[in-house]
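What follows is a set of notes on a single structure, which appears directly below.
The values are calculated or read from the model by the stated rules, or taken from the named source; none is laboratory data. Bear in mind that the values here come from a model prediction, so they are computed numbers and not experimental data. Methodologically, a virtual Cβ is constructed for each residue, glycine included, from the backbone with ideal geometry; neighbour enumeration extends over all protein chains shown. SASA here: full protein model, heavy atoms, side chains in, ligands and nucleic acids out. Shrake-Rupley method; radii C 1.70, N 1.55, O 1.52, S 1.80 Å.
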Amino acid sequence: MDWMRRRRAAGKILLLAVLPAMAFLLAVSVGRYPAGIAHLPGALHTLLTGGELDPAQLTLVRLRLPRIILAMLVGGALALSGAAYQGLFQNPVVSPDLLGASSGASFGASLAILLGAGSLGVQAASFCAGVLAVALAAGMDRLLSRRSVSAVHLILCGMLVSSLFNALLSFVKFAADPETKLPAITFWLMGSFSGASQADLRVFWLFLPACALLLMVRWRLNVLAMGDEEARMLGVNVRASRYLIIACATLLTSLSVSVSGNIGWVGLVAPHFARMLVGADYGKLLPASMALGGAFLLLVDTAARALLTVELPLSVLTAVIGAPFFFLLLLRGKRGFL
C-alpha cells in the first residue's frame, strides 16, 4: 500500500512538472510566423554572444517569449492568490477579486487610459488602485472589528469596495470618447497579452517576493482553515496572519491585472483542480495551484492568438472554458473541497 501511495504521489508531481513544460513548448511553437522551439537555442546563444538575431529568432525573443513568460507569471499568481483566499475564508467559490483588487485595478487603468497615459502609466495606476481598494476594505474591516476578527465583515467590506469601484469604472466609461478612449478601455478590460514586451517582464521582480512570502507562510493556511478559535489555541495571531496573506494576494492580483487586464476564472478553477490532485494540504496545494494556473492561462493565451485571424479576448475564453470545467469539478467534488 505504501509503495502504491508513493507511486501515485510521484505521478502527480510528474504531471505538475510536465504540464507547464508541455504548455511552454506548444506556445513557443504556435504562431503565425514560422518560428518554433528549434529556433530557441540559437536565439538564446545569439543573445548571450551579442550577435544579430535573424527574423525567426527576433520573433521569439522580442514577441513570443515575453508573452509566454508573462502569461505563466499571471496565471500562476492568480491561481496562488485564489487558493490562498479559498483557504483563508474557508470558502471554495472565493476568487482573487473578493476584496476589490480587480475592480480597483480596472478603475485605475481605465482612468489612466481616459487621461491619455502611456503603457507604464496605465500599469502603475492600475496597480496602485488595486492596492488602494483592498486597503480601503481592510480599513473598513478594522473599524468594524476592533475587538474581534471577523471574516464575514471583511468579505462584506470587500463587496462594498468592489461595488464602489465598479460604479466609478462605469462613470469613466460613460465619460470616455466613444470613438477612441472607450474602445481602448473595453479592450483592456477584456484581458490580453497582445502588447507584452520585454519591458513588462520587469514585474517579475515584484511577483517574486510576494509569491515567495505567500509560499513561506502557507502552513498557516492549514491552521486558519480550521477556524479562528482553533488557530488562536494553536498560537497563531489570526489578524496578523490574515492581513499578511491578504497583502501578498493583493499585490499579486493587482500586478496581474495591471499587466494583463481583468482575466477571470483562473484563480477559481486552477486551485480546485490542484486540490483534486494533491488534496487540501496547503503546503502542497499552493505550489500545485501555481503550476496549473500558469499552464492553464498559457494554453488559453495560445488558443486566443491561434484560433482565429483576430485575437480573442482572454476573459472570453477563460469564461467559456472555465465555467463548464468548474461545473464538472463540482460534480466530482460533491463530498467537499476543504
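Here are the numbers for this structure:
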{"quantity": "Filter result (open to solvent by less than 10 Å² (accessible area, probe 1.4 Å) and either part of a helix (DSSP H, G or I) or of a type in the set (S, T, N, Q) (or both)) within segment 79-101", "calculated": "Ala79, Leu80, Ser81, Gly82, Ala83, Ala84, Tyr85, Gln86, Gly87, Leu88, Ala101"}
{"quantity": "Test set (1) open to solvent by 70 Å² or more (accessible area, probe 1.4 Å); (2) touching a Pro at 6+ places or on another chain (Cβ under 8 Å); (3) within 30 Å of Gly283 (Cβ to Cβ) - Gln198 fails condition number", "calculated": "(3)"}
{"quantity": "Number of the exception - Ala240 against (1) over 20 Å from Asp200 (Cα atoms); (2) in contact with a Pro (Cβ under 8 Å, 6 or more places away or on another chain)", "calculated": "(2)"}
{"quantity": "Residue in segment 65-72 that is without any contact (Cβ under 8 Å) to a residue 60 or more places away in the chain, among the charged types (D, E, K, R) and open to solvent by less than 60 Å² (accessible area, probe 1.4 Å) present", "calculated": "no"}
{"quantity": "Test: residue in segment 232-249 that is surrounded by fewer than 14 Cβ atoms within 10 Å (Cβ to Cβ), small (Gly, Ala, Ser) and in contact (Cβ under 8 Å) with a residue 12 or more places away in the chain", "calculated": "no"}
{"quantity": "Qualifying residue in segment 205-220 (condition: open to solvent by 70 Å² or more (accessible area, probe 1.4 Å), within 24 Å of Gly104 (Cβ to Cβ) and of a type in the set (A, V, I, L, M))", "calculated": "yes"}
{"quantity": "Among the candidates Gly191, Gly195, Gly235, residue that is at pLDDT below 90 and more than 21 Å from the chain's Cα centre (by Cα)", "calculated": "Gly235"}
{"quantity": "Only listed residue being hydrophobic (A, V, I, L, M, F, W, C), touching a helix residue (DSSP H, G or I) at 6+ places or on another chain (Cβ under 8 Å) and free of Cβ contacts under 8 Å to residues at least 40 places away in the same chain, chosen from Ala112, Ala84, Ala151, Ala105", "calculated": "Ala112"}
{"quantity": "Residue match in segment 48-61 (condition: among the charged types (D, E, K, R), over 30 Å from Phe174 (Cα atoms), open to solvent by 10 Å² or more (accessible area, probe 1.4 Å) and under 18 Å from the mean Cα position of the chain (by Cα))", "calculated": "no"}
{"quantity": "Test result for Val152, in a helix (DSSP H, G or I), exposed (fewer than 15 other Cβ atoms within 10 Å of the Cβ) and at pLDDT below 90", "calculated": "yes"}
{"quantity": "Matching residues in segment 105-122 - criterion: being over 15 Å from the mean Cα position of the chain (by Cα) and not aliphatic (A, V, I, L, M)", "calculated": "Phe107, Gly108, Ser110, Gly116, Gly118, Ser119, Gly121"}
